[in-house]
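What follows is a short report on a single structure.
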Ligand SMILES: [Ca+2]
């Protein structure tokens with residue numbers, strides 16, 4: 001083996017030190033970049049949720065569910081299709097329809113929510129909504145709005161409405177006039193086809209039409225904070241009809257129970273969300 005002279009040894013040592021510094025600098029840069037990206041991803045990426053079934057209840061398989069809420073032991077449900085649209089009061093445990101109001105075949109009923117002893121119901125393309133007395137289910141009055149009516153829910157001061165687009169509108173509960181709107185985004189991606197809605201502990205839950213997914217949305221910004229994946233909830237045997245899709249979310253605020261069903265589904269599920277990431 002040839003022995004390197006002192007100059008060569010110094011040169012080799014300098015090269016090694018120099019390469020070492022470059023490698024260290026690159027490593028630090030990569031780490032910083034990776035940490036930065038990961039940190040950014042953690043801040044912006046929605047959380048993912050699966051589910052666990054807690055209870056299963058009967059649901060009328062002829063009910064083309066377009067609006068669903070829970071209040072004091074009962075579900076209130078709005079069903080769609082022209083000539084088959086209804087407003088109904090349903091006993092949760094048995095699925096028994098306690099009271100039902102048929103809706104003129106000119107209308108295709110859609111979203112439903114409650115407001116201080118009243119029920120508010122949208123229609124799809126008629127630009128007309130109905131307000132009912134919750135105790136009797138008698139119509140008290142109607143109101144109008146522009147565009148299509150899809151889902152409806154409320155927070156403590158406003159009604160919140162979807163119209164099939166990527167927007168959620170806020171309505172004054174007394175005048176039914178629009179007071180503002182947000183656009184729903186997952187990162188930079190617009191989320192359209194927002195359908196049945198439910199306000200759940202300071203978030204808006206929205207069924208995405210023709211999917212088994214529910215978006216969790218921050219009301220003030222429209223940002224999607226989480227996705228709930230409900231695939232496999234109902235056997236596909238019951239979903240041969242292409243429109244028999246997930247569409248119905250109701251929340252029991254008193255007992256923290258979350259219910260979901262779909263159009264023409266024979267079952268209604270109480271579920272618990274399970275965080276995946
Ligand atoms: Ca609902």
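The values are calculated or read from the model by the stated rules, or taken from the named source; none is laboratory data. For clarity, every value in this text was computed on a predicted model and none was experimentally measured. Cβ sites come from the backbone with ideal geometry, for glycine too, and all protein chains shown count toward neighbours.
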Only one of (1) in contact (Cβ under 8 Å) with a residue 40 or more places away in the chain; (2) surrounded by 18 or more Cβ atoms within 10 Å (Cβ to Cβ); (3) out of contact with any helix residue (DSSP H, G or I) (no Cβ under 8 Å at 6 or more places or on another chain) does not apply to residue 265, and that is (3)
Can you tell me which residue in region 233-260 is farthest from residue 196 (Cα to Cα), limited to those that are surrounded by fewer than 17 Cβ atoms within 10 Å (Cβ to Cβ) and modelled with pLDDT under 95?
237
Considering only region 180-191, I want to know if a residue exists there that is in a strand (DSSP E or B) and in contact (Cβ under 8 Å) with a residue 60 or more places away in the chain.
yes
Within region 43-86, track down each residue that is over 23 Å from residue 240 (Cβ atoms) and within 14 Å of the ligand (Cβ to nearest atom).
67, 69, 70, 71, 74, 75, 76, 78
Restricting to region 134-152, what's the tally of residues that are out of contact with any strand residue (DSSP E or B) (no Cβ under 6 Å at 6 or more places or on another chain) and closer than 22 Å to residue 97 by Cα?
3
Mind checking which pairs have a first residue in region 135-156 that is closer than 12 Å to residue 113 by Cβ and away from the ligand (no atom under 16 Å from the Cβ) and a second that is at pLDDT 95 or above and not in a loop (DSSP other than H, G, I, E, B), Cβ under 8 Å, 6 or more apart or different chains?
none
Scanning region 195-211 residue by residue, the ones that are in a strand (DSSP E or B) and either in contact with a helix residue (DSSP H, G or I) (Cβ under 6 Å, 6 or more places away or on another chain) or closer than 17 Å to residue 46 by Cα (or both) total 7
Can we say residue 204 is within 14 Å of the ligand (Cβ to nearest atom) and either over 22 Å from residue 272 (Cα atoms) or touching a residue at least 12 places away in the same chain (Cβ under 8 Å) (or both)?
yes
Subset of region 87-110 [within 16 Å of the ligand (Cβ to nearest atom) and within 17 Å of residue 74 (Cα to Cα)]:
87, 88, 89, 90, 92
In the set 93, 110, the lone residue that is touching a residue at least 24 places away in the same chain (Cβ under 8 Å) and loosely packed, with under 15 Cβ neighbours inside 10 Å is 93
